[in-house]
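Q: I'd like to ask some things about the structure below.
The values are calculated or read from the model by the stated rules, or taken from the named source; none is laboratory data. Everything numeric here is computed off the predicted structure, so don't read it as measured data. Here the Cβ is made from the backbone with ideal geometry for all residues, glycine too, and neighbour counts use every protein chain on show.
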Ligand SMILES: Cc1ncc(C[n+]2csc(CCOP(=O)(O)OP(=O)(O)O)c2C)c(N)n1
């Protein structure tokens, strides 16, 4: 086993999948010679050649559209979009085609495509480089949305995503790329898409988080008997794990860095309100980003929730 | 039955000032000596601003910054042809245009320092915010041009983007719309040969970018982008055509990005150093300086004096930027909509309560 950060873990996942399955191809801007702007695909072009690690022109819509065609033909394309903000120019392809291919062909065609992209704030980057608009993509049935919270899970979830016959939007928390190190073994890792995990067991309050907010939630939970759930797959999401935990703890805090209004926290809160409201001992609390355009570096710290804010919310529901 | 040629096209390239500083007198634009000196001064200001920005970034006093080194002529030359009433739609590497139009220098540093207030455009200028999503502003320039014509305003819009930008759907959709409606817009490609690590040849199989205009029924031309006089002349003609009802044009400035893509990039990973050296000999400042010197308009003493003056000006701009009172938390809420929502007001209050971060 080797200690790795998330960049290295993702690179390993891609390398193993390219080795294992000749149908896997990578494509995107700068993924080849340059090894990706975050060095995520470093060495793969040299190892697998330009037909399997494809440097494309600057055309997000074509990258995803071409990948859809490849997927429908039987390949397993892994498309990289440099930042989540730049998928906006390709939403037509994602929403109108990737998500609907199976449905429109009544199951005759499907779209085993993975779109990998860094997302989220806290890295002092320019406009559109810190978007956290995952809820928007979760609102499109047919598209899976997966968000790892640590290197081990990044590798495991990416491999599972590549092997999934449905289109997956794989969101990589940029802030975590080099923040955490973890033992990441070679070979297949046992995870299933659509399942959450208990990242830290506890009995008095349930905290649900994903991606970059998981690390902060774990820090915030340290002083409490709090259970932290790493949601991992946002769509379809694992309501059972959340409900079972809330039935035990009676309290729920949901954490995300995306804007509050219409955020995925609302879906989780509604699910708990529908199915476990009688177990609640306190109102549900959301700790989220503000209802604003993600600010440029000088003001971005105001927007992304802090561990202190999360701890404050935990204390509040415990004291209710 | 027959098979015959029903249309054929040519692509032209304009060069006026060569690497030795010699000009083609026939093609010389109608510019006075003070204009010629001014063009050089603006290129030098652009270059020194750019170098200062790179220093500041290395010292941690500026965020990620895209250098414009090598592209001074295509930016200053084209912008010099603009009139104050024209509208300018930048991508993110158009420092030379901002400088030429007289945008406050401190605010340019401010923007690259991650402070939105740097995008506050002075009232007398018509500049759209810097566009980070590549190529997505192209249709906006077309729309503004159509609006200006509808209003009867005798202006043109100038839209800048890179060779990478020509691969985006918005480029094709924007040019198509401009051609159909004969919008008074000039598209100015900064073909600096690279879009991060993807070379121009890998961006398109077309031989030139100028020829892309042909498919949309609009005039296109390639110019030596390191020749400030050729760029000026081509842009002036295109703007005049636009302002006088002649419709849109496309100009490909054939130039080179001498630096890394941004301060977060390492071009040595994908670029041959020999190629960089080859372009060094085509330095846009050097050839203009030779030309001016031959005309008796420039010498080493003037060069030294101007460099010192610019340095002092940049000192003042940086000092002004760094003395700006910090932005306030309120600012991230204030411009989402016309008015703050009740929920935003609560979020702002919570920020103040929880973090006591507000300096304002
Ligand atoms: C839509 C979009 N995709 C990707 C990026 C990331 N990115 C920033 S600049 C750049 C290359 C741009 O190349 P070009 O248009 O030639 O302009 P240049 O950087 O050479 O000035 C890329 C891929 C972006 N900003 N916007």
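Q: Tell me, yes or no, whether the range A:55-65 has at least one residue that is more than 25 Å from residue A:176 (Cβ to Cβ), more than 11 Å from the ligand (Cβ to nearest atom), more than 9 Å from chain B (Cβ to nearest Cβ) and outside any helix (DSSP H, G or I).
A: Looking through the range A:55-65, none of the residues is more than 25 Å from residue A:176 (Cβ to Cβ), more than 11 Å from the ligand (Cβ to nearest atom), more than 9 Å from chain B (Cβ to nearest Cβ) and outside any helix (DSSP H, G or I).
Q: Taking residue B:83 as meeting all but one of (1) more than 14 Å from the ligand (Cβ to nearest atom); (2) more than 21 Å from residue A:123 (Cα to Cα); (3) in a helix (DSSP H, G or I), write down the number of the exception.
A: All conditions pass for residue B:83, except number (3).
Q: Is it fair to say residue B:273 is within 27 Å of residue B:187 (Cβ to Cβ) and in the same structural domain as residue B:37 (by the TED database)?
A: Taking the combined requirement at face value, the residue does not satisfy it.
Q: Of the residues A:92, A:130, A:134, which is in contact (Cβ under 8 Å) with a residue 60 or more places away in the chain and within 13 Å of another protein chain (Cβ to nearest Cβ)?
A: Within the list A:92, A:130, A:134, the selection yields A:130.
So that you can scan it fast, the table gives a plain yes or no per residue for (1) within 16 Å of the ligand (Cβ to nearest atom); (2) assigned to a loop (DSSP other than H, G, I, E, B); (3) closer than 28 Å to residue B:288 by Cβ:
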residue: B:201; (1), (2), (3): yes, no, no
residue: B:208; (1), (2), (3): yes, yes, yes
residue: B:222; (1), (2), (3): yes, no, yes
residue: B:235; (1), (2), (3): no, no, yes
residue: B:239; (1), (2), (3): no, no, yes
residue: B:245; (1), (2), (3): no, yes, no
residue: B:253; (1), (2), (3): yes, no, yes
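Q: Right, something else. Would you mind telling me which numbered condition in (1) closer than 21 Å to residue A:90 by Cα; (2) within 14 Å of chain A (Cβ to nearest Cβ); (3) in a helix (DSSP H, G or I) residue B:135 fails?
A: Going through the list (1) closer than 21 Å to residue A:90 by Cα; (2) within 14 Å of chain A (Cβ to nearest Cβ); (3) in a helix (DSSP H, G or I), residue B:135 breaks only (3).
Q: Between B:65, B:111, which is within 14 Å of chain A (Cβ to nearest Cβ), in a helix (DSSP H, G or I) and either within 16 Å of the ligand (Cβ to nearest atom) or buried (at least 21 other Cβ atoms within 10 Å of the Cβ) (or both)?
A: Of the residues listed, the single one that is within 14 Å of chain A (Cβ to nearest Cβ), in a helix (DSSP H, G or I) and either within 16 Å of the ligand (Cβ to nearest atom) or buried (at least 21 other Cβ atoms within 10 Å of the Cβ) (or both) is B:111.
Q: Taking the residues in the range A:15-47 that are surrounded by fewer than 21 Cβ atoms within 10 Å (Cβ to Cβ), within 14 Å of another protein chain (Cβ to nearest Cβ) and free of Cβ contacts under 8 Å to residues at least 24 places away in the same chain as candidates, determine which candidate is nearest to residue A:74 (Cα to Cα).
A: A:45
Q: Tally time: how many residues in the range B:152-163 are within 8 Å of the ligand (Cβ to nearest atom) and touching a helix residue (DSSP H, G or I) at 6+ places or on another chain (Cβ under 6 Å)?
A: 1
Q: Picking from A:71, A:67, A:90, which residue would you name as being at pLDDT 95 or above, under 30 Å from residue A:304 (Cα atoms) and buried (at least 21 other Cβ atoms within 10 Å of the Cβ)?
A: Only one candidate passes the filter, namely A:90.
Q: A further question on this structure: Would you pick out the residues in the range B:255-274 that are away from every other protein chain (no Cβ under 14 Å) and within 16 Å of the ligand (Cβ to nearest atom)?
A: Scanning the range B:255-274 gives B:255, B:256, B:257, B:258, B:259.
Q: Only one of A:102, A:116 is crowded, with 17+ Cβ neighbours inside 10 Å and in a strand (DSSP E or B). Can you tell me which?
A: Residue meeting the stated conditions: A:116.
Q: Please list, ordered by first then second residue, the pairs with beta carbon atoms under 7 Å, 6 or more apart or interchain, first in the range B:199-227 and more than 23 Å from residue B:17 (Cα to Cα) and in contact (Cβ under 8 Å) with a residue 40 or more places away in the chain, second more than 16 Å from the ligand (Cβ to nearest atom) and part of a helix (DSSP H, G or I).
A: Matching pairs, first to second residue: B:216/B:176; B:216/B:179; B:218/B:178; B:218/B:179.
Q: Restricted to the range A:66-99, and to residues that are in a loop (DSSP other than H, G, I, E, B) and over 25 Å from residue A:130 (Cβ atoms), which residue is farthest from the chain's Cα centre (by Cα)?
A: Ranking the qualifying residues of the range A:66-99, first place goes to A:74.
Q: Now a separate question. Restricting attention to the range A:302-317, which residues are within 21 Å of residue A:84 (Cα to Cα) and more than 7 Å from chain B (Cβ to nearest Cβ)?
A: A:304, A:305, listed by residue number.
Q: While we're here: Considering (1) within 24 Å of residue B:103 (Cα to Cα); (2) within 16 Å of the ligand (Cβ to nearest atom), say which one residue B:144 fails and leave the rest.
A: Result: residue B:144 fails condition (2) only.
Q: Output the residues belonging to the range B:168-194 that are near the ligand (Cβ under 8 Å from one of its atoms) and surrounded by 24 or more Cβ atoms within 10 Å (Cβ to Cβ).
A: Answer for the range B:168-194, where residues must be near the ligand (Cβ under 8 Å from one of its atoms) and surrounded by 24 or more Cβ atoms within 10 Å (Cβ to Cβ): B:190, B:191, B:192.
Q: Take the residues in the range B:86-97 that are under 21 Å from residue B:49 (Cα atoms) and assigned to a loop (DSSP other than H, G, I, E, B), then tell me which one is nearest to the ligand (Cβ to nearest atom).
A: Per the criteria, the residue is B:93.
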